[in-house]
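Enquirer: So that we are looking at the same thing, I have put the structure below in structure tokens.
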Amino acid sequence: MKIKSLYYITHIDNLPFIFKRGILSHERIEAENGQFISMFRGKTNVKNNISKRRKIKYQYGGKNLLSYANLLFQPRNPMMYRAIYETGEDKLAILEIANVVLNESSIIIADGNPIDKLTQFYPVTQGLKILQQQWKVIQNEWWKKSDGSKRRIMAECLVPDCVKPRYIRSVIVPKNETMNWVLRIIDNSQVPVLCRPNMFFQPERRIAIGQNISLIHGADIFFSELQTLTVTVNLQGVMGKGLALRAREQFPDVYVEYEKACRAKKIKTERPYLYKREESVVDALTDCKPHRVNFQNPIKWFLLFATKRHWRTNSRIEDIESGLEWLQTNCKKAGIQSLAMSALGCTNGGLNWTDVAPLICKHLDEIGIPIEVYPPREYPIVP
């Protein structure tokens with residue numbers, strides 16, 4: 001395990017203060033009667049804004065969590081997802097902090113979300129050894145509650161009182177427009193401002209290939225803001241690889257519904273099955289229930305598209321086309337308002353993306369709803 005950097009998520013309007021004073025603990029800001037803009041609720045006095053759950057006493061040393069500045073090992077986590085959900089990615093920035101901050105005295109390591117009752121706290125040397133055992137989880141691109149990864153991916157380095165400005169290595173933002181604005185507000189700083197959309201669950205590149213269809217590169221379909229997500233499956237009720245396995249692990253109810261559809265013969269190669277999930281994905285993907293909703297479609301539906309007749313066999317191009325023909329005819333009738341489409345039959349299905357992509361465009365472009373198409377990662381988008 002090599003920790004190159006640590007991270008701090010903040011509202012971009014806090015950057016001038018942070019570059020002048022550093023990343024202060026909540027107690028330090030409160031004692032100085034400072035104003036700070038929350039990632040979640042807008043401008044307010046810290047005293048009235050801090051989550052009551054962070055006022056607990058942790059078990060190592062008896063100090064209050066609010067007396068520490070909290071740094072993350074993985075900023076692309078449930079807290080970031082909630083901040084985007086409530087505030088919008090354009091208002092957020094990630095500060096990259098030099099790893100030498102770990103040499104500061106009295107640092108504490110939390111092996112997960114500090115407000116979770118299962119989280120343990122350790123002095124820095126012991127804590128880093130603990131994190132080494134779960135480093136793969138911390139660096140993962142997604143999480144789930146059942147195996148503890150949702151808690152562990154939010155492990156923190158707790159720095160007493162203040163993280164000094166000299167430790168800031170870069171500012172990371174999601175868009176070029178935001179990058180230019182940040183460069184102006186941190187006037188004359190020698191710290192670089194970087195544009196990395198993927199850290200904010202946004203595509204690295206989006207290219208329009210039709211009136212309503214865009215190709216998406218460098219993004220995770222399960223974090224799409226569109227209403228309906230396409231998951232490729234077989235007709236045997238087996239979710240053992242690829243997107244199907246991911247859906248099974250992160251959204252177990254999708255697997256239950258899929259098995260029922262297979263037993264009832266409601267899913268066929270010529271007729272995908274639409275699971276109109278009634279629950280929002282927000283509770284599964286965020287660290288706690290958001291206070292307000294900004295996303296257009298918090299409720300996610302899953303389109304279970306059969307690309308294989310048996311899980312052991314390869315996909316057939318004629319089955320892909322027949323399923324797309326059904327979708328073209330029934331999409332609006334079924335209530336689908338927007339659709340994230342996966343690379344049907346490719347990767348684990350054995351089909352060539354150059355054969356599948358034209359079929360997707362042919363059948364879906366004229367439906368008249370927003371559609372995102374996620375090609376296989378081995379096929380980079382060339383503008």
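Enquirer: Give the residues of region 167-182 that are more than 10 Å from Arg196 (Cα to Cα) and polar (S, T, N, Q), sorted by residue number.
Expert: Answer for region 167-182, where residues must be more than 10 Å from Arg196 (Cα to Cα) and polar (S, T, N, Q): Ser170, Thr178, Asn180.
Enquirer: Only one of these is in the same structural domain as Gly242 (by TED's automatic domain parsing) and modelled with pLDDT of 95 or more: Lys289, Lys308. Name it. Lay out the reasoning, then the answer.
Expert: Details: Lys289 fails: modelled with pLDDT of 95 or more.
After applying the criteria, what remains is Lys308.
Enquirer: Run Gly368 past the list (1) part of a strand (DSSP E or B); (2) at positive phi; (3) of a type outside the set (A, V, I, L, M) and report the number of the one that doesn't hold.
Expert: For Gly368, the failing item is (1).
Enquirer: Within the group Val124, Val193, Val100, which residue is of a type outside the set (Ser, Thr, Tyr), more than 19 Å from Pro75 (Cβ to Cβ) and over 17 Å from the mean Cα position of the chain (by Cα)? Before the answer, list the steps.
Expert: On the way: Val193 fails: more than 19 Å from Pro75 (Cβ to Cβ); Val100 fails: more than 19 Å from Pro75 (Cβ to Cβ).
Unique residue meeting the criteria: Val124.
Enquirer: Within region 206-225, track down each residue that is within 15 Å of Pro376 (Cβ to Cβ), in contact (Cβ under 8 Å) with a residue 40 or more places away in the chain and either not assigned by TED's automatic domain parsing to the domain that holds Asp365 or not in a strand (DSSP E or B) (or both). Explain how you work it out, then say what you get.
Expert: The first filter runs over region 206-225 and keeps only residues within 15 Å of Pro376 (Cβ to Cβ), leaving 215-221.
Within this subset, residues satisfying the condition of being in contact (Cβ under 8 Å) with a residue 40 or more places away in the chain are 215-217, 219-221.
Within region 206-225, Ala219, Asp220, Ile221 qualify.
Enquirer: If I ask for residues that are under 29 Å from the mean Cα position of the chain (by Cα) and either surrounded by fewer than 18 Cβ atoms within 10 Å (Cβ to Cβ) or in a helix (DSSP H, G or I) (or both), which ones from region 11-28 would you list?
Expert: Answer for region 11-28, where residues must be under 29 Å from the mean Cα position of the chain (by Cα) and either surrounded by fewer than 18 Cβ atoms within 10 Å (Cβ to Cβ) or in a helix (DSSP H, G or I) (or both): Ile12, Asp13, Asn14, Leu15, Pro16, Phe17, Ile18, Phe19, His26.
Enquirer: Same structure, new question: What's the number of the condition Asp283 fails, among (1) charged (D, E, K, R); (2) out of contact with any helix residue (DSSP H, G or I) (no Cβ under 9 Å at 6 or more places or on another chain); (3) at pLDDT 95 or above?
Expert: Evaluating Asp283 over (1) charged (D, E, K, R); (2) out of contact with any helix residue (DSSP H, G or I) (no Cβ under 9 Å at 6 or more places or on another chain); (3) at pLDDT 95 or above leaves (3) as the failure.
Enquirer: Of all residues in region 325-341 being outside any strand (DSSP E or B) and of a type in the set (A, V, I, L, M), which is surrounded by the fewest Cβ atoms within 10 Å (Cβ to Cβ)? Give the steps one after another, and end with the answer.
Expert: Initial filter on region 325-341 (outside any strand (DSSP E or B)): 325-338.
Now restrict to residues that are of a type in the set (A, V, I, L, M): 327, 334, 336.
Numbers: Leu327: 23, Ala334: 15, Ile336: 20.
Here the answer is Ala334.
Enquirer: Given the residues Ile367, Ile336, Ile299, which is the only one that is within 28 Å of the chain's Cα centre (by Cα), at pLDDT 90 or above and closer than 17 Å to Thr228 by Cα? Break it down stepwise before answering.
Expert: On the way: Ile367 fails: within 28 Å of the chain's Cα centre (by Cα); Ile299 fails: at pLDDT 90 or above.
Being within 28 Å of the chain's Cα centre (by Cα), at pLDDT 90 or above and closer than 17 Å to Thr228 by Cα holds for just one of Ile367, Ile336, Ile299, which is Ile336.
Enquirer: Moving on to the next point. Name the pairs whose Cβ atoms lie under 8 Å apart, with the first residue in region 128-147 and in a loop (DSSP other than H, G, I, E, B), the second among the small types (Gly, Ala, Ser), and 6 or more positions between them or separate chains?
Expert: Gln134/Ala155; Asn140/Ser149; Trp143/Ser149; Lys144/Ala284; Lys145/Ala284
Enquirer: Quick check on region 52-67. Is at least one of its residues within 15 Å of Val159 (Cα to Cα), at pLDDT 90 or above, crowded, with 19+ Cβ neighbours inside 10 Å and assigned by TED's automatic domain parsing to the domain that holds Ala98?
Expert: Scanning region 52-67 turns up no residue that is within 15 Å of Val159 (Cα to Cα), at pLDDT 90 or above, crowded, with 19+ Cβ neighbours inside 10 Å and assigned by TED's automatic domain parsing to the domain that holds Ala98.
The values are calculated or read from the model by the stated rules, or taken from the named source; none is laboratory data. From a predicted model like this one, the values you see are computed outputs, not experimental measurements. Using ideal geometry, Cβ is built from the backbone for each residue, glycine included, and neighbour counts are taken over all protein chains shown.
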